[in-house]
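Colleague: Before we start, here is the structure in question, set down as structure tokens.
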Amino acid sequence: MTGPKTVAFHTLGCKLNFSETSSISRLMEKEGFEKRPFDSMADIYVINTCSVTENADKECRYLVRQIQRKSPESFVVITGCYAQLKPNEIAEIPGVHLVLGAAEKFNMAAHIRDLVKGDSAKICSCDIDQVQGFHDSYSLNDRTRAFLKVQDGCDYQCSFCTIPLARGKSRSDSLSHVLENVRNLAAKGIQEIVLTGVNLGDFGNTEPDAKRKTENFYELALALDRLKIIPRFRISSIEPNLLNNDIIDLVANSDQFMPHFHIPLQSGSNKILALMRRRYLRELYADRVARIKTLMPHASIGADVIVGFPGETEEDFQETFDFLHELDISYLHVFTYSERENTRAFDMKPTVPVHIRNERNKILRNLSFQKTQFFANLHAGQIRKVLFERSRDKTLMEGYTDNYIKVTAPYQEQRVNRIVDWRI
């Protein structure tokens, strides 16, 4: 493949994937490729995949079929977690030309230039244990918000999770380089930075002979808070056992860090938490929520929950429901458990029938809706600061309050990319 080519990107999954896709696209543009919207015609289509759920795998296949129908002469490149976990499976999908594993996705331009139409799918993957370097990345789709990756990989061994297999061991950017990236983003007019990572609270690199990390997440947050050059920071997600009092107190006393926490729970049953190999009990989780709400009654708190994990009885689920019902949180991200190969949970018995998993998912999604509405209604009539950005509907603009209440309003150009006082 020679000469300038057009390339389109599509991202599945988490904020971390979005930050990496954005960085890869900028690298490609520096190499002479022209970026196009994914729904338009392009020479190359890149899909950055997730593999947290079975649906992410299915969506990848659907997108490849869609590209084949729309642009059969184009090249299709698959990267991301699904590509690292199952490269051979992806290579067999009709229409796929290149599969890039975790170590090669940031070298995409070089691999694409070697593609020849008609060749069988090329796999550039690697042993995940060999993935050790950290590649910084951030999203930059507009001048409003940016997702900044500061940590990657995970050393935890949760029994349901494939992420350590897909992204490797925990590793981080240096604190000084994070600050450099933040200064660059501030110079571009970014108003809010969302700090992202696979296990964000595990930020910091350990020297070979050191007993502790040379830097930690609290030190990073403190340094960012002292910069005073970005109006808003958010913590994307942080494990409850890593969310210590120092971090909570810093957010409570900060003008830059927003009163918004997303804390994975996964189950309200200590029995299920043990089977999941989580590193805390529900009592610790409740303690973290209580401290946040004591210091910041207005704070928004979200939780991840998995339903239908092997061995989850009706009593276990009811225990989770009751725990969440009483907990002073604002919303839930509910996941239906799906079997993932090469995880400890894959062979666990007894399994929960799929229709029961789906029923439990609906129950918790309904609870989430109620909690979201209740939290928003608590703030009705209040004036809170909202950062507005453009909506897909050009007649509207949308944004979030400091405590993560979504606001939609008629479009006003002078308010876009501005933090304004707004009556809820």
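Colleague: Can you put Phe106, Phe375 in order, fewest other beta carbons within 10 Å first?
Modeller: Fewest-to-most Cβ neighbours within 10 Å comes out as Phe106, Phe375.
Colleague: Output the Kirkwood hydrodynamic radius of the stretch 132-258, Cα pairs only, in Å rounded to one decimal.
Modeller: Mean inverse Cα-Cα distance, inverted, gives 15.1 Å.
Colleague: Positive end of the charge dipole of the chain (Lys, Arg +1 and Asp, Glu -1 on Cβ, about the Cα centre): tell me which of Leu227, Ser237, Leu16 has its Cα farthest that way.
Modeller: Going by the Cα projections, it comes out as Leu227.
Colleague: Using θ = phi - 60° and the Karplus form 6.51 cos²θ - 1.76 cosθ + 1.60, what ³J(HN,Hα) does each residue of the stretch 361-373 get, whole Hz, x for Gly and Pro?
Modeller: 4, 4, 4, 6, 5, 5, 4, 4, 4, 4, 5, 4, 5
Colleague: Right, something else. I'd like the distance separating the alpha-carbon centroids of the stretch 165-228 and the stretch 106-150, in whole Å.
Modeller: The distance from the Cα centre of the stretch 165-228 to that of the stretch 106-150 comes to 20 Å.
Colleague: Taking every Cα atom in the stretch 288-412, find the radius of gyration and the maximum pairwise distance Dmax, and write them in Å.
Modeller: 18.3, 56
Colleague: A further question follows. To check my understanding: the extent here is largest minus smallest coordinate of the Cα atoms along each principal axis. What are those three numbers for the stretch 6-126, in Å, largest first?
Modeller: 34, 29, 28
Colleague: Still on this model: Cα to Cα, under 18 Å, and not fewer than 8 places away if on the same chain: which aspartates and glutamates meet these conditions relative to Lys117?
Modeller: Asp43, Glu73, Glu92
Colleague: Just how large is the dipole of the stretch 117-196 about the Cα centre, in debye to the nearest 20, putting +1 at every Lys and Arg Cβ and -1 at every Asp and Glu Cβ? Spell out each step's value before the answer.
Modeller: Values: 10 positive and 10 negative charges, 53 e Å.
So the magnitude is around 260 debye.
Colleague: OK, next. In nm, give the distance between the simple-model label positions of Met41 and Asp127, each being 7 Å from the Cα along the Cα-to-Cβ direction.
Modeller: 4.6 nm
Colleague: Ordered by residue, what ³J(HN,Hα) values in Hz, to whole numbers, does the stretch 12-21 give under the Karplus form 6.51 cos²θ - 1.76 cosθ + 1.60, where θ = phi - 60° and Gly and Pro are x?
Modeller: Calculated HN-Hα couplings, in order: 10, x, 8, 4, 4, 4, 5, 5, 5, 4 Hz.
Colleague: According to the Kirkwood expression over distinct Cα-Cα pairs, how big is the hydrodynamic radius of the stretch 239-320, in Å?
Modeller: Computed over the stretch 239-320, the radius equals 13.6 Å.
Colleague: Obtain the radius of gyration and the Kirkwood radius of the chain from its C-alpha atoms and give Rg over Rh.
Modeller: Values: Rg = 21.9 Å, Rh = 22.9 Å.
Over the Cα atoms of the chain, Rg/Rh equals 0.96.
Colleague: Is there a pair in Lys30/Lys122; Lys271/Lys371; Lys30/Lys406; Lys105/Lys271; Lys15/Lys188 whose C-alpha atoms are over 30 Å apart, and which pairs would that be?
Modeller: Violating the 30 Å Cα-Cα cut-off are Lys30/Lys406; Lys105/Lys271.
Colleague: With springs connecting C-alpha atoms under 10 Å apart, model the chain as a Gaussian network and identify which of Ala380, Ala286, Ala42 has the largest mean-square fluctuation.
Modeller: Maximum fluctuation in the GNM of the chain, among the listed residues, is at Ala380.
Colleague: Taking R0 as 30 Å, what's the FRET efficiency between Glu31 and Lys293 from their Cβ-Cβ distance, rounded to 0.05?
Modeller: Efficiency, rounded to the nearest 0.05: 0.05.
Colleague: State the answer as a single residue: which of Tyr156, Gly204, Tyr138 lies farthest towards the positive end of the charge dipole of the stretch 132-258, with beta carbon charges of +1 for Lys and Arg and -1 for Asp and Glu, about the Cα centre.
Modeller: Towards the positive end, the residue furthest out is Tyr138.
Colleague: Can you find, among Ser176, Phe147, Gly101, the residue sitting farthest towards the positive end of the charge dipole of the stretch 91-204, where Lys and Arg contribute +1 and Asp and Glu -1 at Cβ?
Modeller: Of Ser176, Phe147, Gly101, it is Phe147.
Colleague: Mind checking Rg over Rh on the stretch 383-423, alpha carbons, Kirkwood formula for Rh?
Modeller: Reported Rg/Rh (Cα atoms, Kirkwood Rh): 0.93.
Colleague: Simple spin-label model, 7 Å along Cα-to-Cβ: Arg418 to His177 in nm?
Modeller: Placing both labels 7 Å along Cα→Cβ, they lie 3.8 nm apart.
None of the figures in this text is laboratory data; all of them are computed from the coordinates on show. None of these values were measured; they are calculated from a predicted model. Neighbour counts are summed over all protein chains in view; Cβ atoms, including those assigned to glycine, are modelled from backbone coordinates with ideal geometry.
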